[in-house]
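All of the numbers you see were taken from the coordinates with simple rules; none came from a lab. The structure displayed is predicted, hence computed values, not measured ones. Here the Cβ positions follow ideal geometry from the backbone for every residue, glycine too, while neighbour counts run over all protein chains shown.
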Amino acid sequence: MTALPSLRAPSPHPSPYAAGPDPDPDPDPDPDPDPGRRLRGLGIGWRPELAAFIAGRTDLSFVEVIAETLGTHGPLPTGLDRLVEAGVPVVPHGVGLGLGGAEPLQPTRVAHLAALADRLRAPLVSEHVAFVRAGGLEAGHLLAVPRTRDALNVLVANVRAVSAQLPVPLALEHPAALLRWDDADFGEAEFLAELAERTDALLLLDLANLHADRVNHGVDPDRFLQALPWERIAYIHVAGGVIRDGLYHDTHTHPVTREVLDLVRETTDRHPDPLAIMLERDGRYPSVDELSGELDAIATMAGYAS
Ligand SMILES: [Fe+2]
């Protein structure tokens, strides 16, 4: 007999699937004052290489999985299937929609995300404020969108179109960009806030990306965090990176830096109720002890350590 994964399935977060049809629906429900709170606690990016580690860690409340690595049919990867069976929230994290691109969205990609959300019984889906292709070329990277009104209008149209096809809310992540466009009509956070306001989308705050923007582009984290609409933040990413030639690279293959952990603490101090937070690790996987220590440090800074 094999044991169930030791991840907890948190009960307080609302699942759009668990309750079934409301027998007495409120015809005029009050707007949710805290629409971002669909996830709680400490999480990690599920990767096949980390499946055993994740199954053995008892304090994880959710995982995120790269949407493009999963199919909508056939068996789920071993380990991930157990989490879904156990009711652990699994968030499909897309990297290929290109929401900020000038080219039309690819319907098959949108349909894939929607089908995955159903298949994983996901509480939400996440993607990026970025473009990934142009002129028939696939960049293979998340590229920064100019913070202009025109670019915002493109994003708004695309986010609305995707959201209309998803069975759950969409959370939007700001990527770490090595290169930036010169002209901007908005500040960093104001651009995200306006996008969320006009689309009703949630936000995914990546503190390593914020650190990258601080080092590479002089963004003030304090001002950035001050300007974000907190009620719309669905969860937080933390990842490792490295400085090369004076630029911070968001590698996901290096340890989480002290500066990023300090940003976790600063973010936690701003919000009375700890936000869901997770580690992204995508290669050069460390030892179990090292990875556990990193998660423990994040949990401590985020106010989740027991
Ligand atoms: Fe991220």
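Based on the Kirkwood radius over alpha-carbon pairs, what is the Stokes-Einstein translational diffusion coefficient of region 145-218 at 20 °C with 1.002 mPa s viscosity, in µm²/s? Intermediate results must be reported in sequence, preceding the final value.
On the way: Rh = 13.0 Å.
Calculated translational D: 165 µm²/s.
More than 21 angstrom separation, counting every C-alpha pair in region 201-297; what % is that?
On the way: 1485 of 4656 pairs.
That tail contains 32 percent of the Cα-Cα pairs.
Take every Cα pair under 8 Å in region 166-229 that's 6+ residues apart, average their separations, divide by the length, and report that relative contact order as a whole percent.
Values: 54 pairs, mean separation 28.4, N = 64.
Value for region 166-229: 44 percent.
Based on the Cα coordinates of the chain, what is the per residue volume of their convex hull in Å³?
Values: hull volume 46.4 nm³, N = 306.
So the per-residue Cα hull volume is 152 Å³.
Farthest toward the dipole's positive end in region 181-306, which of Leu210, Ile236, Gln226, given Cβ charges of +1 (Lys, Arg) and -1 (Asp, Glu) about the Cα centre?
Final value for the positive-end residue is Ile236.
Is it possible to state the helix-based mean residue ellipticity at 222 nm for the chain, with each DSSP H run of 4+ residues giving -39500 (n - 2.57), the sum divided by total residues, to the nearest 500 deg cm²/dmol? What is it?
Values: 9 runs with 102 residues, N = 306.
Dividing the helical sum by the residues of the chain leaves -10000 deg cm²/dmol.
Could you order peptides 85-97, 120-132 by the average number of other Cβ atoms within 10 Å of their residues, highest first? Before the final figure, lay out the partial values.
Working: 85-97: 21.7, 120-132: 23.8.
Highest mean packing first, the order is 120-132, 85-97.
Given a cut-off of under 8 Å on Cα pairs at least six residues apart, what relative contact order in percent is computed for region 258-306?
Values: 23 pairs, mean separation 28.4, N = 49.
RCO, region 258-306: 58 percent.
Let me know the Kirkwood hydrodynamic radius for region 69-181, please, with Cα pairs as the basis and the value in Å to one decimal.
Details: mean 1/r = 0.0671 Å⁻¹.
Value: 14.9 Å, from the Cα pair sum.
Starting from the amide H of Glu64, placed 1.01 Å from N in the peptide plane, find each other amide H under 5 Å away whose residue is 5 or more places distant or on another chain.
Hits under the 5 Å cutoff: Ile44, Gly45, Trp46, Val91.
For Thr257, which sequence-distant residues (separation of 5 or more, or a different chain) have an amide H within less than 5 Å of its own amide H, given hydrogens modelled in the peptide plane?
Amide H to amide H, under 5 Å and 5 or more residues apart or across chains, Thr257 pairs with Gly241.
On a full-extension model of 0.36 nm per residue, what is the gain between Asp282 and Gln106, subtracting their alpha-carbon distance, rounded to one decimal in nm?
Values: separation 176, 0.36 × 176 = 63.36 nm, distance 2.57 nm.
So the chain would gain 60.8 nm between Asp282 and Gln106.
Pairs of alpha-carbon atoms within less than 8 angstrom and 6+ residues apart define the contacts here; what relative contact order does region 31-143 have, in percent? Can you show the working numbers first?
Details: 167 pairs, mean separation 26.0, N = 113.
Computed value for region 31-143: 23 percent relative contact order.
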